[in-house]
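A.B. asks: Quick one: this structure, given as structure tokens, is what I'll be asking you about.
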């Protein structure tokens, strides 16, 4: 999958994602952080899943209805866990993310939010 790492994600997570075969771009490599709405728009234009620790992306996607190509949010994980957790989540929830899901992963719990228009009768 194509993944855009938000600036708050541990840089070492990139290595785990690349080793697993994902195409990774990092906001931290950009000259400046343009803000969450532009990051989400960039990812949408480039068919990338946004990987973040920040809950604001979900708010932008749900409340403001800004289009996106999937959001993977990691909650309360140590930096060293972010890469391996993301690789596992991308593998398990790839289909949902490709449909624009917001997947929130925290220790012992995963939540998947699909827009009602995309949910249909598919179990999540």
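A.B. asks: If you scan the stretch 20-30, which residues turn out to be under 15 Å from residue 50 (Cβ atoms) and part of a loop (DSSP other than H, G, I, E, B)?
C.D. replies: Selection gives 22, 30.
A.B. asks: Identify, from the list 80, 94, the residue that is surrounded by fewer than 20 Cβ atoms within 10 Å (Cβ to Cβ), under 16 Å from residue 9 (Cβ atoms) and touching a residue at least 24 places away in the same chain (Cβ under 8 Å).
C.D. replies: Working: 94 fails: under 16 Å from residue 9 (Cβ atoms).
It is 80.
A.B. asks: Another question, then. Quick check on this structure: which one of 72, 17, 40 is within 21 Å of residue 93 (Cα to Cα), in a strand (DSSP E or B), modelled with pLDDT of 95 or more and in contact with a helix residue (DSSP H, G or I) (Cβ under 8 Å, 6 or more places away or on another chain)?
C.D. replies: When all the criteria are applied, what remains is 72.
A.B. asks: Okay, next question. Outside any helix (DSSP H, G or I), at pLDDT below 95 and touching a strand residue (DSSP E or B) at 6+ places or on another chain (Cβ under 9 Å): does that describe residue 33? Spell out how you get there, then give the answer.
C.D. replies: Details: outside any helix (DSSP H, G or I): yes; at pLDDT below 95: yes; touching a strand residue (DSSP E or B) at 6+ places or on another chain (Cβ under 9 Å): no.
No, not satisfied.
A.B. asks: Restricting the search to the stretch 20-37, which residues are touching a residue at least 12 places away in the same chain (Cβ under 8 Å), under 20 Å from residue 88 (Cα atoms) and either under 14 Å from the mean Cα position of the chain (by Cα) or exposed (fewer than 13 other Cβ atoms within 10 Å of the Cβ) (or both)?
C.D. replies: Within the stretch 20-37, 22, 23, 24, 25, 26 meet the criteria.
A.B. asks: Let me ask you something else. Across the stretch 38-67, what is the total count of residues that are within 23 Å of residue 81 (Cβ to Cβ) and either surrounded by fewer than 21 Cβ atoms within 10 Å (Cβ to Cβ) or touching a residue at least 40 places away in the same chain (Cβ under 8 Å) (or both)?
C.D. replies: Our first condition is that a residue be within 23 Å of residue 81 (Cβ to Cβ); within the stretch 38-67, this holds for 39, 43, 48-58.
Applying the additional criterion that residues be either surrounded by fewer than 21 Cβ atoms within 10 Å (Cβ to Cβ) or touching a residue at least 40 places away in the same chain (Cβ under 8 Å) (or both) yields 48-58.
The qualifying residues number 11.
A.B. asks: Here is a list of conditions, (1) at pLDDT below 95; (2) in a helix (DSSP H, G or I); (3) under 13 Å from the mean Cα position of the chain (by Cα), and residue 85 meets all of them except one; can you say which number that is?
C.D. replies: Looking at each condition in turn, residue 85 falls short on (1).
The values are calculated or read from the model by the stated rules, or taken from the named source; none is laboratory data. In this text, all values refer to a predicted model and were calculated from it rather than measured experimentally. Cβ atoms come from the backbone with ideal geometry, glycine included; neighbour counts cover every protein chain shown.
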